[in-house]
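Everything on this sheet refers to the single structure shown next.
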Amino acid sequence: MARMRKAILTLTLNLPSDPNSVSVARALTATLLERYTVAREDVQAASLIVSELATNVVRHAYRDPGGRYRLQLSYFGEYLLITVTDRGKGFDPKAIPPPSAGQQQRLGLSLIEEVADWVEFKQLEKRGTWARARVRLRYPASPAGQEYTKDGTQRGR
C-alpha cells in the first residue's frame, strides 16, 4: 500500500463567498508559488484554477449572502494540490453542456480541465461541492536573491 506524501506546506483559508475573496485567493496562490521560485507559467496556471474554482462558488453555490468556502493549497514541491469546498447547493459538472460559440456556460470548467494535470468534483453528501485540481510545478534556473528551493528548504543552508 503506497503512502501519501506529506505536503511541504499547507495553507487553508476560510473565505467569504464574495467577489473580493476571489482576488485574495488568486494573489495568495501566486505569492506562495513565486516565493518558491516556481516557473511563471505554472504560477499563472495555478492562479487561474484557484480563480475559476472560487468564482464558481461566489456565482453559483449560495442563493443567500453569508456563505463561505474553504480553499486549501498543498505544496508538494513537484506539484500543487488545490482543494475548494463549499456548503452551497452543490452541482454536477457532467450535467453542464460543453461551451459553444458565444456562450460562457462551462467555460471556466473547461479552462481548469485544460491547465490542470487532473481535476475532480464531488457533490457532498449533505450539501455542497468539493473540487480538487493538481498542477505540476517546474522551476527555472533560480535568479539571484531567491530564498527557497522546490523542496521548501532555504538556499544556502
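Laid out as a table, the results:
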{"read-out": "Check on Lys126, at pLDDT below 90, touching a Ser or Thr at 6+ places or on another chain (Cβ under 8 Å) and surrounded by fewer than 20 Cβ atoms within 10 Å (Cβ to Cβ)", "value": "no"}
{"read-out": "Meets criteria (of a type in the set (Lys, Arg), assigned to a loop (DSSP other than H, G, I, E, B) and at pLDDT 65 or above) for Arg132", "value": "no"}
{"read-out": "Filtered residue count, region 34-60, keeping only those that are closer than 24 Å to Pro16 by Cα, over 14 Å from the mean Cα position of the chain (by Cα) and buried (at least 17 other Cβ atoms within 10 Å of the Cβ)", "value": "1"}
{"read-out": "Residues satisfying the stated conditions in region 42-72, i.e. in a helix (DSSP H, G or I) and not hydrophobic (A, V, I, L, M, F, W, C)", "value": "Asp42, Gln44, Ser47, Ser51, Glu52, Thr55, Asn56, Arg59, His60"}
{"read-out": "When residues of region 1-41 are limited to those that are polar (S, T, N, Q) and part of a helix (DSSP H, G or I), the one nearest to Leu73 (Cα to Cα)", "value": "Thr29"}
{"read-out": "Search result, residues across region 34-65 that are within 18 Å of Val24 (Cα to Cα) and without any contact (Cβ under 8 Å) to a residue 40 or more places away in the chain", "value": "Glu34, Val43, Gln44, Ser47, Val50, Ser51, Ala54, Arg59"}
{"read-out": "Any hit, region 61-68, residues being closer than 17 Å to Leu11 by Cβ, crowded, with 17+ Cβ neighbours inside 10 Å, touching a strand residue (DSSP E or B) at 6+ places or on another chain (Cβ under 7 Å) and at pLDDT 95 or above", "value": "yes"}
{"read-out": "Residues of region 11-27 that turn out to be closer than 21 Å to Arg138 by Cα and either modelled with pLDDT under 95 or out of contact with any Leu (no Cβ under 7 Å at 6 or more places or on another chain) (or both), as a count", "value": "2"}
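The values are calculated or read from the model by the stated rules, or taken from the named source; none is laboratory data. Note that the coordinates shown come from a computational prediction; the quantities given were computed from them, not determined experimentally. Reconstructed Cβ throughout: ideal geometry from the backbone, glycine too, with neighbour counts over all protein chains shown.
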